[in-house]
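Bear in mind these aren't lab numbers, they're just calculated from the coordinates by the rules spelled out. This is a predicted model, so every value here is computed, not measured. Cβ atoms come from the backbone with ideal geometry, glycine included; neighbour counts cover every protein chain shown.
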Amino acid sequence: MIDVTHPIAAGMPRIKVLPEVRIEPVTQISAGQPLNIAQLHLATHAGTHIDAPAHAIDGGATIDQIPLEKFCGAGAVIGVRRDAGEEIPLHDVTEAVVEVRDGDILLLDTGWAQKFHDSAYDDHPYPSVELARWCVSHQIKMLGVDCITVDAPVVRRPKGFDYPVHRTLLSNNVLIIENLASLEGVSNQRVEVWAFPLKVSHGDAGHVRVVLQPMEGCAT
């Protein structure tokens, strides 16, 4: 099994509108207390997480309302290499060396996870709206990226930006995984995916540990 989840850590990268991630001790054995206990201060969209429809759609399903079968199943990891701020076109998926099937979980390996602790991480490639619409028409369960968001980088958004990729996917119940760790070891392979998020009551998202297992005989 391959873990493609970034560890939650104090001060970890996040969209700048979110508060700093903090992990603070509540009790410590070193201070004479019987147990180590910490408290976590973490926005729902910092770190590796799954967006629920409620994130972008008023009245949309919250993370605790989504059936478990949406979070696991067969999928494909597609390697794409695009520049900072460049759209990932549909043909990068449809002409890939590995087949994406209806009902799959689709993960895009852009290589951007390698920049997670670098300022360059904020200026990333992103799926086109055409690709998002294709995911809807092919009943893709979840679209995952190794970037901070599926929409255009914050630094490149025009005034009045309306999150077109988020809205296209989430309004049609295609879930989104953001901030995946490196997919290099499974790029251009079919995989089994397990990605069960925290069951946050009325949550617009849930932190998730994403685990992949390559399918025997399905590598390129």
Report summary line: At the level of C-alpha centres, the distance separating the stretch 65-112 and the stretch 170-186, in angstrom, is 8
Report summary line: Of 159, 115, 199, the most mobile residue in a GNM of the chain (C-alpha springs, cutoff 10 Å) is 159
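Using 0.36 nm times the number of residues separating residue 192 and residue 15, minus their current alpha carbon distance, what extension gain do you get?
On the way: separation 177, 0.36 × 177 = 63.72 nm, distance 2.90 nm.
Taking residue 192 through residue 15 to full extension adds about 60.8 nm, to one decimal.
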Query raised in the report: If you place +1 on the Cβ of every Lys and Arg and -1 on the Cβ of every Asp and Glu, how big does the dipole about the Cα centre of the chain come out, in debye to the nearest 20?
Result: 420
Report task. Go ahead and collect, in residue order, the members of the stretch 41-76 whose backbone nitrogen is under 14 Å from a label point 7 Å along the Cα-Cβ direction of residue 22. Result -> 41-43
Report task. Give the percent of DSSP beta bridges with both residues in the chain that are antiparallel, rounded to the nearest 5. Result -> 65
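When all alpha-carbon pairs of the stretch 1-41 are counted, what percent fall beyond 15 Å? Mind showing how you got there, number by number?
On the way: 474 of 820 pairs.
The calculated P(r) of the stretch 1-41 puts 58 percent of pairs beyond 15 Å.
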Requested in this report: Return P(r) of the chain (all Cα-Cα pairs; 5 Å bins starting at 0; whole %; ordered from short to long distances).
Outcome: 1, 7, 15, 19, 21, 16, 10, 5, 3, 2, 1, 0, 0
Report summary line: With a 22 Å threshold on alpha-carbon distance, the violating pairs from 16/199; 16/115; 70/199; 16/70 are 16/199; 16/70
Requested in this report: May I ask you to list the trypsin sites (Lys or Arg not before Pro) in the stretch 50-90 that are in a DSSP loop and have at most 14 other Cβ atoms within 10 Å of their Cβ?
Outcome: 81
Query raised in the report: HN-Hα J couplings of the stretch 52-62 from phi, Karplus 6.51/-1.76/1.60, θ = phi - 60°, integer Hz, Gly and Pro as x?
Result: 8, x, 4, 4, 10, 10, 4, x, x, 4, 8
